[in-house]
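To start, the structure itself, in structure tokens.
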Amino acid sequence: MLNFQLDKQELAKLRAAHRRAKNAREAYRINAVILLGDGWKAAEIANALLIDPDTVRTYFKRYKKGGLEALLRMNYVGSEALLNSAQLVELDIHLQNNLHLTAESVARCVKERWDVCYAPSGMAALLRRLGYVYKKPRLIPGKANAAAQKEFLEQ
């Protein structure tokens, strides 16, 4: 059985780190360690924070092993890219020459060209990484009379 007790200095440092935490995920991790070190049971903390009791114990073990830095380190690694760099360059050139109004239409284009499936949200993320932004198209009158507009502007 692990000893989950922390001394007053450690608890004070953790509380200070909790106050400084700008990210809610980090604050929850620190909070779980504080409560466990303060004598709460893992099941009580898990119930209060809506997480698994094993997760609470894992947070504490990570803190004891590597300190606050190890506790706050996010180990998430994104998935492997579905398109290679040459395909991304080709897609970028295609997007510069062709207008797509939605990420879904770009995903269909990629599916047809390279047989690679993207969800609309995944394609939107890829487009952001490539530097594209969404701008809502402006409405332009369909039957504009250029001569009448020029005359109006002169007045």
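The values are calculated or read from the model by the stated rules, or taken from the named source; none is laboratory data. These numbers were taken from a predicted model, which means no experiment stands behind them. All Cβ positions, glycine included, derive from the backbone under ideal geometry; neighbour counts span all protein chains shown.
Key figures
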quantity	calculated
Residue match in the stretch 74-90 (condition: part of a helix (DSSP H, G or I), among the small types (Gly, Ala, Ser) and surrounded by 12 or more Cβ atoms within 10 Å (Cβ to Cβ))	no
From Asn84, Asn98, residue being more than 26 Å from the chain's Cα centre (by Cα) and over 30 Å from Glu10 (Cβ atoms)	Asn98
Scan of the stretch 105-124 for residues that are among the small types (Gly, Ala, Ser) and either surrounded by 13 or more Cβ atoms within 10 Å (Cβ to Cβ) or closer than 17 Å to Ala86 by Cα (or both), ordered by number	Ser105, Ala107, Gly122, Ala124
Positions within the stretch 91-103 being in a helix (DSSP H, G or I), touching a helix residue (DSSP H, G or I) at 6+ places or on another chain (Cβ under 9 Å) and closer than 15 Å to Lys135 by Cα, in sequence order	Leu95, Ala103
Failed criterion for Lys111 (all others in (1) out of contact with any Phe, Trp or Tyr (no Cβ under 8 Å at 6 or more places or on another chain); (2) not assigned by TED's automatic domain parsing to the domain that holds Tyr28 hold)	(1)
Answer residue from the stretch 1-45, given it is closer than 16 Å to Met74 by Cα and basic (Lys, Arg) and is surrounded by the fewest Cβ atoms within 10 Å (Cβ to Cβ) among those	Lys22
Residue, surrounded by the most Cβ atoms within 10 Å (Cβ to Cβ), within the stretch 127-155, restricted to residues that are touching a residue at least 12 places away in the same chain (Cβ under 8 Å) and aliphatic (A, V, I, L, M)	Leu127
